[in-house]
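Presented below is the structure to which this report refers.
The values are calculated or read from the model by the stated rules, or taken from the named source; none is laboratory data. Bear in mind the structure is a predicted one, so any value in this text is a computation, not a measurement. Note that each Cβ is placed from the backbone with ideal geometry, even for glycine, and that neighbours are counted across all protein chains shown.
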Amino acid sequence: MPELPEVETVKRTLNELILNKTIDHVTVQLPRIIQKPDDVVKFSALLENRTFQKVERRGKFLRFILDDLVLLSHLRMEGRYGVFQNDEPVEKHTHVIFHFTDGTDLRYKDVRQFGTMHLFEPGEEFLQPPLHKLGLEPLESTFTYEAFVERLKKRKTKIKPLLLNQEIVVGLGNIYVDEALFLAKIHPEQTVVQLKDSELKKLYDAIIITLQNAVDAGGSSIKSYVNGQGEMGMFQHQLKIYGRKSEPCYDCGTIIERTVVGGRGTHFCPNCQLAK
């Protein structure tokens, strides 16, 4: 958390808040967040007098497009951005501040301190870590059924860990994998070779439907997630399976169970999602 819908929502709100703002200087309070370059003084100097042109997304990464530079940012567990007047008090756990020439700040807050930032020349970010091995974008036209099956074929792993693998499909995390598998009526411990073509097609459709619905709802505020304007997502009110252990299934009334698959807590309906 945040997963694709949350990062997509942050991207959209930041595009409303920071475009055409020029950086006067940058304050870095927690140097380890800055991964590239590994010198925070250089990082700050490179960003001075740069203007934000656009914010894009690749998987769970935000891509801040500036003039002649790209800033990659991964929110990890609890990273968040907000825009403030520069004379407003700085909240605890605010680790990076982009001070703009118009008297406002873009502030990055991260209680867990797991977030990362990288600077690249335009285009180079796709050729190097952390983006160079990322898989298919599930809400783009390139995410065809054929491309999806091609990534999965010959894999013997259980389906849930495969869907969490960012080299196959990007942006899916624990919440949305559970939701998509439930919608497709597929048990999370089934392997790809056990799935019929019709089941794979249902899963492909379920991934798109689940993620698009979540994006439309502004993501899910399960823990601390808010968008760039401090607003909560609403998709948590639409969750059919995730977090509903011991509650009745909405489709059949069977009690939802929780297990661990691939090291991740996993919710499923033992009647709707039959194990083979």
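Every test in (1) outside any helix (DSSP H, G or I); (2) more than 16 Å from the chain's Cα centre (by Cα); (3) among the polar types (S, T, N, Q) is passed by S198 save one, and that test is (1). Across the range 1-37, the qualifying residues are those that are in a helix (DSSP H, G or I) and acidic (D, E), and the one among them that is farthest from the chain's Cα centre (by Cα) is E16. Residue check: is K201 of a type outside the set (A, V, I, L, M) and on the phi > 0 side of the Ramachandran plot? It is false that K201 is of a type outside the set (A, V, I, L, M) and on the phi > 0 side of the Ramachandran plot.
Can you tell me which residue is surrounded by the most Cβ atoms within 10 Å (Cβ to Cβ) among those in the range 38-84 that are part of a helix (DSSP H, G or I) and in contact (Cβ under 8 Å) with a residue 12 or more places away in the chain? Among those that are part of a helix (DSSP H, G or I) and in contact (Cβ under 8 Å) with a residue 12 or more places away in the chain, it is F43.
Condition first: modelled with pLDDT of 95 or more, assigned by TED's automatic domain parsing to the domain that holds R244 and not in a helix (DSSP H, G or I). Can you find one or more residues in the range 214-221 that meet it? Reasoning before the result, please.
Start the filter on the range 214-221 by keeping residues that are modelled with pLDDT of 95 or more, which leaves none.
No: zero hits.
Applying the selection to the range 85-104, what residues are free of Cβ contacts under 8 Å to residues at least 40 places away in the same chain and more than 25 Å from the chain's Cα centre (by Cα)?
Within the range 85-104, Q85, N86, D87, E88, P89, V90, G103 meet the criteria.
A count restricted to the range 1-30 and to residues that are farther than 30 Å from V177 by Cα and out of contact with any strand residue (DSSP E or B) (no Cβ under 9 Å at 6 or more places or on another chain) stands at 0.
Close contacts from the range 121-150, counting a first residue that is under 16 Å from Q35 (Cα atoms) and of a type in the set (D, E) and a second that is assigned to a loop (DSSP other than H, G, I, E, B) and modelled with pLDDT of 95 or more, with Cβ to Cβ under 7 Å and a gap of 6+ residues or different chains, come to E125/L131.
Please enumerate the residues belonging to the range 105-120 that are touching a residue at least 60 places away in the same chain (Cβ under 8 Å) and in a strand (DSSP E or B). Passing the criteria: L106, Y108, D110, T116, M117, H118, L119, F120. Among the residues here, I207 qualifies as at pLDDT 95 or above and touching a Pro at 6+ places or on another chain (Cβ under 7 Å). Can you confirm whether the range 3-11 contains a residue that is over 26 Å from G171 (Cα atoms) and not assigned by TED's automatic domain parsing to the domain that holds N165? Scanning the range 3-11, I find no residue that is over 26 Å from G171 (Cα atoms) and not assigned by TED's automatic domain parsing to the domain that holds N165, so the answer is no.
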